[in-house]
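The values are calculated or read from the model by the stated rules, or taken from the named source; none is laboratory data. Bear in mind the structure is a predicted one, so any value in this text is a computation, not a measurement. Cβ sites come from the backbone with ideal geometry, for glycine too, and all protein chains shown count toward neighbours. Protein only, heavy atoms only, side chains kept; ligands, DNA and RNA dropped before computing areas. Shrake-Rupley method; radii C 1.70, N 1.55, O 1.52, S 1.80 Å.
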Amino acid sequence: MRDIPSIVDHLIAADPYLRHHRGDLIRRLEHIHNLRERITEGRTDLLDLASGHEYFGLHRTDRGWTFREWAPNATAVYLIGDFSHWTEDPAFGLTRTGANGQWVIDLPQDALHHRDLFRLRIHWPGGAGDRLPAYARRVIQDPETLIFNAQVWSPESSYQWRCPDFMRPNRPPLIYEVHVGMAQEAEKVGSWREFSETVLPRIARSGYNTIQLMAVQEHPYYGSFGYHVSNFFAASSRFGKPEDLMALIDTAHEQGIAVIMDLVHSHAVSNTVEGLGLFDGTEYQYFHAGHRGWHHAWDSRCFDYGKPEVVHFLLSNCRYWLDAYHVDGFRFDGITSMLYTHHGLERAFTGYGDYFDHTVDEDALAYLTLANEVIHRLRPDAMTVAEDISGMPGLALPLERGGVGFDYRFAMGVPDYWIRLTKDTPDEYWPMGHLWHELTNRRKEEKTISYTESHDQALVGDKTLMFRMADAAMYAHMSIDDPDLGVQRAVALHKMIRLITLATAGCGYLNFMGNEFGHPEWIDFPRQGNNWSYQYARRQWSLADDPQLKYHVLARFDRQMISLFDANTLLAGGEPSLLWDHDADKIIVFLRAGWIFAFNFNPVKSFAEYGIPCPGDAFRMVLDTDDPQFGGHGRLEAQQVHHPQQCSDNPWGNRLSLYLPTRTAIVLKPVSDSRPSQP
């Protein structure tokens, strides 16, 4: 690492408010350097260190099988399973090697077979218990007993990649967030294969260039949405075979779509048999001991990021998914919980002191930095996204600029603001200046991804924007020719909210599956409280496919909007620049990549010949939320060209006169711009 003080000074130059914390920043970078030196012992390359998945766990060799596990407190370890009649057969006893608690066994070829079920029986001082291997690559649940076991997975032929050298397109990410299990319309758990066949083509047609897969890592409780991980190296078997997930990713790559996955390193399920809790009889093997090792709000365990063996485990997990499944990056879940010992609970983060006080877990910060280094050295095109609500400075800056190394951070305040606005404030009181501030309030030196709503806003206890705005009227008034005013309002605002969120986004945009067409109701996974029903754990695609329903026109608008932005890489055109806002009129107009975006949020008033300042070019209207094909009233002329007039009253020296109908947004492209108006 080059001169640390110099790096910190560059960071401070980008954000002068950090000047008072220069010493803290220097100490943090030194801590990162020291952790790297400690885990590599100054002689092992970090990428080689992050290959624990090739050493630990079960592996087939030329001579047979080798299995290794780390269990420093264990006194005896056995493989038990179908092959040993689930008894502690001495032939399957592991041998302790070295002083750091590694256990190993070599077995002949015929000792294990494809699809054999197995566990570990671990003994420790004063007790014993069954455990699933920490590096298990395949874990399945018995449908009758509901018991989880590891499974030998060694098919005769390995998966043959069709796009082995896929590179993530160098375009602003337009992300379609999906949960494969609930991505089908039938009331059941969907599969990798079904998703590839039925949903992936929809995403491709919709224009999104990136898929974000939720719930990939194995988790015992389906309703946890995949965030209570038990087996970090195992793709959830409830969705199908490993090869089916590989085929899903391969198929996406064939269509030029990148695939990132949720990576949950912020905590782990507290289960013992199928998780890492009390793995070798101690609570501190992978996690902090005592109170700090428990996340009481999530009922889960908290990793000790200062322990070399834990860092080795987690770094190897990052590399494993890149190596084995060819994913193109990760959304790191729960970063705020990792970064602070209070996990961000009941904290407002109102000043910079909150980022540098005694509650910051600098071991977690160092781990995240090393994780980004591993990922980007292995795959320079890979994409990493931080889910953080605290606003920690530098998360989405590279290490050489004093940052943690993420490519993007989520603008998590944007969806929260839309919920508050639609829930608490009548349309006629929406504050245009404050709305603009909330949509564009971000660290300009860091790339951000905006969204109107993710899966969080669709869960039971909350409502999607469409459901909040239309409410019970969605059950009876979504026919294309139904004049219900409440639904008309919801449809108009749904399009406008999405367009302004996308058009003001920093460098990327995200949508949760189905929300683009206003999917009704909520998400509720099977549980005792709903009699284990799958009624709300699915996506009703037939609603979007029915041309007689307003869902269909909302889907069409989203498809046109996303494709227009992707085809013209509009998010790569610099920050949006405000041209005009008027709170009483409910008007916002801004410039992005040379294009003009004009919004009239007024619920009752249209404006004829509304004057706005503009550059000196003619502009053609290329998108109109009031277009009849999008469920609008058709009050504007398609492809109309607007010519500016000279005006000395504004800095641009020019003025456009626009007809802005009530609850309508338009996109104007310079006539001189040769980029495609239609995707």
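Table for the structure above
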quantity: Test for Phe92: is it aromatic (Phe, Trp, Tyr), touching a residue at least 40 places away in the same chain (Cβ under 8 Å) and on the phi < 0 side of the Ramachandran plot; calculated: no
quantity: Qualifying positions in the stretch 205-251 - small (Gly, Ala, Ser) and either open to solvent by less than 10 Å² (accessible area, probe 1.4 Å) or out of contact with any helix residue (DSSP H, G or I) (no Cβ under 9 Å at 6 or more places or on another chain) (or both); calculated: Ala215, Gly223, Ser224, Gly226, Ser230, Ala234, Ala235, Ser236, Ser237
quantity: Matching residues in the stretch 437-489 - criterion: being closer than 24 Å to Ala215 by Cβ and either of a type in the set (A, V, I, L, M) or part of a helix (DSSP H, G or I) (or both); calculated: Ile449, His455, Asp456, Gln457, Ala458, Leu459, Val460, Leu465, Met466, Phe467
quantity: Some residue of the stretch 629-650 being of a type in the set (A, V, I, L, M), closer than 22 Å to Val487 by Cβ and either in a strand (DSSP E or B) or open to solvent by 40 Å² or more (accessible area, probe 1.4 Å) (or both); calculated: no
quantity: Index of the failed condition, Ser270 passing every other in (1) under 28 Å from Leu46 (Cβ atoms); (2) in contact with a Lys or Arg (Cβ under 6 Å, 6 or more places away or on another chain); calculated: (1)
quantity: Selection from the stretch 1-26 of residues that are more than 30 Å from the chain's Cα centre (by Cα), in contact (Cβ under 8 Å) with a residue 60 or more places away in the chain and part of a helix (DSSP H, G or I); calculated: His20, His21
quantity: Residue that is at pLDDT 95 or above, surrounded by fewer than 19 Cβ atoms within 10 Å (Cβ to Cβ) and among the hydroxyl-bearing types (Ser, Thr, Tyr), where the choices are Thr145, Thr75; calculated: Thr75
quantity: Any hit, the stretch 124-137, residues being open to solvent by 20 Å² or more (accessible area, probe 1.4 Å) and under 30 Å from the mean Cα position of the chain (by Cα); calculated: yes
quantity: Residue check for Glu197: acidic (Asp, Glu), in a helix (DSSP H, G or I), modelled with pLDDT of 95 or more and surrounded by fewer than 20 Cβ atoms within 10 Å (Cβ to Cβ); calculated: yes
quantity: Top-ranked residue of the stretch 651-679 - restricted to ones that are assigned to a loop (DSSP other than H, G, I, E, B) and of a type in the set (A, V, I, L, M, F, W, C), ranked as surrounded by the fewest Cβ atoms within 10 Å (Cβ to Cβ); calculated: Val671
quantity: Single residue of Gly256, Gly281, Gly277 found to be open to solvent by less than 20 Å² (accessible area, probe 1.4 Å) and assigned to a loop (DSSP other than H, G, I, E, B); calculated: Gly277
quantity: Residue match in the stretch 115-122 (condition: assigned to a strand (DSSP E or B), open to solvent by 50 Å² or more (accessible area, probe 1.4 Å) and closer than 21 Å to Thr272 by Cβ); calculated: yes
quantity: Residues being surrounded by fewer than 20 Cβ atoms within 10 Å (Cβ to Cβ) and touching a Pro at 6+ places or on another chain (Cβ under 9 Å) - total across the stretch 594-606; calculated: 3
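Per-residue answers, yes or no, for (1) under 26 Å from Gly574 (Cα atoms); (2) among the polar types (S, T, N, Q); (3) in contact with a Ser or Thr (Cβ under 9 Å, 6 or more places away or on another chain):
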| site | (1), (2), (3) |
| --- | --- |
| Asn170 | yes, yes, no |
| Pro173 | yes, no, yes |
| His179 | no, no, no |
| Ala183 | no, no, yes |
| Lys188 | no, no, no |
| Phe195 | no, no, no |
| Ile203 | no, no, no |
| Ile211 | yes, no, no |
